[in-house]
Amino acid sequence: MAITLSGDQAIPGPPLSSRLTPAQVWGILLLTPYLLVFLAFVVYPVCYGLWLARDPANYVALYHDPIFARAAINTLIFLVVGINIKMMIALFLSGFFAQQRTWIRWLSVIFILPWAVPSIPTILSVRFMLNPEWGMVNHFIFSLTGDDGPNWLNDPTVALCMAIAVHIWKSLPFWTLILITGRLAISHDLFEAAEVDGASWWQKFRYITWPSMQTLYVTCTLLSMIWTLGDFNSVYLLTGGGPADLTHVLATLGIRYLRLDQLSLAMASIVCAMPFVLPLVYFMMKRLSR
């Protein structure tokens with residue numbers, strides 16, 4: 001900042017570095033690499049993708065593509081059915097694993113393995129198990145009944161159900177752990193008082209556990225929906241979008257258009273997921289701000 005004396009003469013103010021404390025200087029230095037990485041790998045790709053999908057003709061083409069409509073329906077099924085089943089199972093499993101028993105602790109180590117192991121080997125192993133010719137599942141069915149098992153991934157409905165089941169199996173341990181922390185935060189005195197009053201298991205859950213965990217449960221459900229919209233692995237690694245591109249979701253549909261050398265349509269299909277994401281983000285932030 002310059003201090004004016006008279007006319008055009010001015011005394012320059014102190015430099016910016018002298019007006020900052022050492023802590024502020026170090027804060028700027030440590031924050032700069034993060035900002036550069038954020039601009040290079042988040043802001044630039046998002047802006048470039050929006051620029052590629054700017055032509056309204058892309059959305060007209062998507063509207064007339066039946067595979068896009070099927071992918072949008074599959075995404076809704078994934079969100080409404082898969083997420084709610086997963087979170088309800090996680091809610092009740094959190095009560096089981098919250099018990100202070102040695103064998104349950106050892107079982108929890110095995111239970112967490114699907115989430116801890118990378119997606120590629122785990123989901124591909126499930127795909128190999130479901131192979132109609134030499135998969136372990138059909139081999140087991142043949143050994144019991146003498147009949148050949150079904151082609152699990154050749155029917156669109158069965159294949160989508162299998163993709164939802166794999167998603168639940170893969171991410172269930174993580175949400176169970178989150179809900180376990182919510183259960184452990186509830187005062188044990190409340191359960192002791194309810195037990196003295198003769199409350200049943202269901203009454204303790206209805207009047208103590210659920211009111212204490214309701215906010216956490218809803219927040220986890222919204223966050224899980226946001227993450228599931230971007231779940232590429234569960235569908236693509238298991239079914240590849242098949243058969244006949246009928247199990248695609250919005251997270252995997254872009255790959256189909258990239259294989260057809262239609263980059264603008266691939267970006268437009270990703271942009272079309274925004275109406276799903278933005279309301280979920282809004283409701284989640286609204287709940288967290290209470």
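The values are calculated or read from the model by the stated rules, or taken from the named source; none is laboratory data. Keep in mind it's a predicted model, so treat the numbers as computed, not measured. Glycine also receives a Cβ, built like all others from the backbone with ideal geometry; neighbour counts cover every protein chain displayed. Surface accessibility is based on the protein's heavy atoms, side chains included, excluding ligands, DNA and RNA. Shrake-Rupley method; radii C 1.70, N 1.55, O 1.52, S 1.80 Å.
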One residue from SER264, SER224 being out of contact with any Lys or Arg (no Cβ under 6 Å at 6 or more places or on another chain), assigned by TED's automatic domain parsing to the domain that holds THR75, among the hydroxyl-bearing types (Ser, Thr, Tyr) and open to solvent by less than 20 Å² (accessible area, probe 1.4 Å): SER224
Output for region 173-211, where each listed residue is in contact with a Lys or Arg (Cβ under 8 Å, 6 or more places away or on another chain) and open to solvent by 20 Å² or more (accessible area, probe 1.4 Å): PHE191, GLU195
Residue satisfying all of: in region 227-261; in a helix (DSSP H, G or I) and charged (D, E, K, R); surrounded by the fewest Cβ atoms within 10 Å (Cβ to Cβ) among these: ARG259
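Do we find a residue being under 22 Å from the mean Cα position of the chain (by Cα) and of a type outside the set (Lys, Arg) anywhere in region 62-69?
So far as region 62-69 goes, yes, one or more of its residues are under 22 Å from the mean Cα position of the chain (by Cα) and of a type outside the set (Lys, Arg).
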Members of region 97-145 found to be β-branched (Val, Ile, Thr), surrounded by 12 or more Cβ atoms within 10 Å (Cβ to Cβ) and more than 21 Å from the chain's Cα centre (by Cα), listed by number: ILE104, VAL137, ILE141
Residues satisfying the stated conditions in region 80-115, i.e. within 23 Å of MET162 (Cβ to Cβ) and not in a helix (DSSP H, G or I): ILE112
Scope region 108-166; condition closer than 19 Å to GLY241 by Cβ and without any contact (Cβ under 8 Å) to a residue 12 or more places away in the chain; matching residues: PHE128, ASN131, THR157, VAL158, CYS161, ALA165
